[in-house]
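Asker: Quick one: structure below, then a few questions.
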There are 2 protein chains.
Amino acid sequence: MKIAVLGTGMVGQTIGSKLVQLGHEVMMGSRDADNPKAVMWAKKEEASQHAIFGTFANAAAFGEIIFNCTLGSASLNALQQAGVDNMKGKILIDTSNPLNYDGDIWTLTVCNTDSLGEQIQRAFPETLVIKSLNTINSNVMVDPGKLDEKTTVFISGNSADAKATVNKLLHDWFGWRSVIDLGDITTSRSVEMYAILWRNLRQATSSQRFNIKVVAS
Amino acid sequence: MKIAVLGTGMVGQTIGSKLVQLGHEVMMGSRDADNPKAVMWAKKEEASQHAIFGTFANAAAFGEIIFNCTLGSASLNALQQAGVDNMKGKILIDTSNPLNYDGDIWTLTVCNTDSLGEQIQRAFPETLVIKSLNTINSNVMVDPGKLDEKTTVFISGNSADAKATVNKLLHDWFGWRSVIDLGDITTSRSVEMYAILWRNLRQATSSQRFNIKVVAS
């Protein structure tokens with residue numbers, strides 16, 4: 001499948017590499033067509049012959065499915081550059097969190113009565129926005145088997161069909177065995193607000209390799 | 001031990017009953033000395049001879065340790081009624097969440113840059129405020145063994161000694177085997193913000209009997 005990965009940071013690189021290793025064609029998109037991190041990533045993965053790079057718009061036009069791996073603070077702007085028409089009718093898996101990293105205590109730039117997931121859905125009404133993977137560090141996102149137990153990943157979105165597709169992709173591509181559908185895109189609020197607990201847990205566990213498992217009876 | 005339980009709702013009743021069953025003396029406090037729910041609770045537990053009731057101030061004066069089980073929206077007012085002097089130097093285990101239940105989507109009345117736990121600590125600087133148990137339904141709070149796996153409970157607070165005491169109480173009284181110390185009282189933000197994910201999980205799992213387990217490697 002042709003996949004767009006928007007963003008050149010750790011999340012974009014990790015998801016992009018996993019997808020080319022699975023045999024998919026991945027274009028990494030960034031603000032500038034020759035972003036040095038995208039160039040280096042494509043070089044690292046060049047043996048696959050499936051790792052290419054371009055602008056946000058190039059990537060969004062290329063991908064049948066789009067991953068938003070940009071920083072939350074930059075996501076809306078990046079997606080505007082990607083272009084409404086290039087994303088129309090496509091699934092956008094939004095992995096971002098609207099975090100403000102200033103100061104010792106992280107805060108969210110939007111929360112409680114709105115969320116970045118909702119903002120993106122409102123800005124791109126003809127794109128199928130699915131919030132997912134934002135609750136886990138990138139190395140666990142693409143390989144939940146790194147943890148000894150089957151932990152949980154969440155999906156939020158308005159389209160049942162798109163959620164079914166993403167559920168299957170999370171299972172088949174990354175190995176997720178416990179996927180909880182939280183509801184429509186407004187439930188992005190809860191997983192974005194969880195980012196603050198994630199931060200505290202990262203400090204408490206002295207690890208980036210952790211996740212939560214929902215246990216119900 | 002003499003324990004104050006402030007609040008007559010499900011959380012207060014469940015914690016109060018568990019504590020009298022363990023042999024502790026419990027005074028349930030409420031706005032009015034003859035709150036019908038407190039009267040009924042004491043009657044239900046009268047065989048213990050250790051279940052009594054009174055005003056918030058009566059209970060706070062009585063307890064060596066105080067549980068805040070009032071609604072988050074009412075907590076600061078209830079604690080003012082309990083009285084600064086009655087709570088001075090004591091541990092206050094704050095189980096509340098600052099939830100606004102209006103509408104289909106729950107919101108918080110304070111979050112992100114502040115929390116109810118912090119507001120309480122600022123209002124009662126000589127009380128040892130420990131945020132805990134607010135991430136779980138009351139029936140799991142006092143009996144985590146209802147779930148098949150060892151799930152996680154969190155503690156937040158400024159006093160290491162008070163956290164050590166609460167950690168031991170959670171273990172000895174209720175059976176918690178996985179207690180994560182998140183840090184100082186500012187980390188109340190994260191567990192209160194988690195309440196929105198808790199709400200979504202309650203809907204997704206169609207259960208109130210669930211919790212999260214932190215899995216790290």
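Asker: Does at least one position in the stretch A:95-116 carry a residue that is in contact with a Phe, Trp or Tyr (Cβ under 9 Å, 6 or more places away or on another chain) and crowded, with 24+ Cβ neighbours inside 10 Å?
Answerer: Yes.
Asker: While we're looking at this one, here's another question. In the list B:73, B:96, which residue meets the criterion of being more than 27 Å from residue B:164 (Cβ to Cβ) and either in contact with a Ser or Thr (Cβ under 6 Å, 6 or more places away or on another chain) or more than 10 Å from every other protein chain (Cβ to nearest Cβ) (or both)?
Answerer: Numbers: B:96 fails: more than 27 Å from residue B:164 (Cβ to Cβ).
Being more than 27 Å from residue B:164 (Cβ to Cβ) and either in contact with a Ser or Thr (Cβ under 6 Å, 6 or more places away or on another chain) or more than 10 Å from every other protein chain (Cβ to nearest Cβ) (or both) holds for just one of B:73, B:96, which is B:73.
Asker: Which ranges mark the helices (runs of 4 or more DSSP H) fully within the stretch A:87-174 that have 1 or more residues being free of Cβ contacts under 8 Å to residues at least 40 places away in the same chain?
Answerer: Details: elements: A:116-123, A:138-141, A:160-169.
The helices (runs of 4 or more DSSP H) meeting that bar are A:116-123, A:160-169.
Asker: With the requirement that a residue be in a helix (DSSP H, G or I), over 19 Å from residue B:153 (Cβ atoms) and more than 7 Å from chain B (Cβ to nearest Cβ), what does the stretch A:188-217 give you?
Answerer: Those that are in a helix (DSSP H, G or I), over 19 Å from residue B:153 (Cβ atoms) and more than 7 Å from chain B (Cβ to nearest Cβ): A:188, A:192, A:195.
Asker: Here is a list of conditions, (1) of a type in the set (Ser, Thr, Tyr); (2) open to solvent by 10 Å² or more (accessible area, probe 1.4 Å); (3) modelled with pLDDT of 95 or more; (4) farther than 18 Å from residue A:205 by Cβ, and residue B:205 meets all of them except one; can you say which number that is?
Answerer: Of (1) of a type in the set (Ser, Thr, Tyr); (2) open to solvent by 10 Å² or more (accessible area, probe 1.4 Å); (3) modelled with pLDDT of 95 or more; (4) farther than 18 Å from residue A:205 by Cβ, only one is false for residue B:205: (3).
Asker: While we're on this one: Only one of these conditions is not met by residue B:170: (1) over 15 Å from the mean Cα position of the chain (by Cα); (2) more than 9 Å from every other protein chain (Cβ to nearest Cβ); (3) more than 21 Å from residue A:106 (Cα to Cα). Which number is it?
Answerer: Going through (1) over 15 Å from the mean Cα position of the chain (by Cα); (2) more than 9 Å from every other protein chain (Cβ to nearest Cβ); (3) more than 21 Å from residue A:106 (Cα to Cα) one by one, residue B:170 breaks only (1).
Asker: Give the residues of the stretch B:74-94 that are open to solvent by 10 Å² or more (accessible area, probe 1.4 Å) and under 14 Å from the mean Cα position of the chain (by Cα), sorted by residue number.
Answerer: First, the residues of the stretch B:74-94 that are open to solvent by 10 Å² or more (accessible area, probe 1.4 Å): B:74, B:76-77, B:80-81, B:83-86, B:88-91.
Correct list: B:74, B:76, B:91.
Asker: What are the pairs, 6+ residues apart or on separate chains, where a residue within the stretch A:191-217 that is more than 16 Å from residue B:195 (Cα to Cα) has its Cβ under 7 Å from a residue that is assigned to a strand (DSSP E or B) and open to solvent by 40 Å² or more (accessible area, probe 1.4 Å)?
Answerer: Qualifying pairs under 7 Å: A:204/B:181; A:205/B:216; A:207/B:216; A:209/B:216; A:210/B:216.
Asker: Considering only residues that are surrounded by fewer than 17 Cβ atoms within 10 Å (Cβ to Cβ) and part of a helix (DSSP H, G or I), which ones fall in the stretch B:175-187?
Answerer: Of everything in the stretch B:175-187, nothing turns out to be surrounded by fewer than 17 Cβ atoms within 10 Å (Cβ to Cβ) and part of a helix (DSSP H, G or I).
Asker: Right, another one. Is it the case that the stretch A:36-55 has a residue that's touching a Leu at 6+ places or on another chain (Cβ under 8 Å) and of a type in the set (A, V, I, L, M)?
Answerer: Our first condition is that a residue be touching a Leu at 6+ places or on another chain (Cβ under 8 Å); within the stretch A:36-55, this holds for none.
The answer is no; no qualifying residue exists.
Asker: Just the residues that are open to solvent by 10 Å² or more (accessible area, probe 1.4 Å) and of a type outside the set (Asp, Glu), please, taken from the stretch B:21-41. First the steps, then the outcome.
Answerer: So in the stretch B:21-41, the residues open to solvent by 10 Å² or more (accessible area, probe 1.4 Å) come out as B:21-25, B:27, B:31-37, B:39-40.
Across the stretch B:21-41, the qualifying residues are B:21, B:22, B:23, B:24, B:27, B:31, B:33, B:35, B:36, B:37, B:39, B:40.
The values are calculated or read from the model by the stated rules, or taken from the named source; none is laboratory data. No experiment lies behind these values; they were computed from the predicted model shown. Ideal geometry is used to build each Cβ from the backbone, glycine not excepted, and the neighbour counts take in all protein chains shown. The area values use the complete protein model at the heavy-atom level, side chains included, leaving out ligands, DNA and RNA. Shrake-Rupley method; radii C 1.70, N 1.55, O 1.52, S 1.80 Å.
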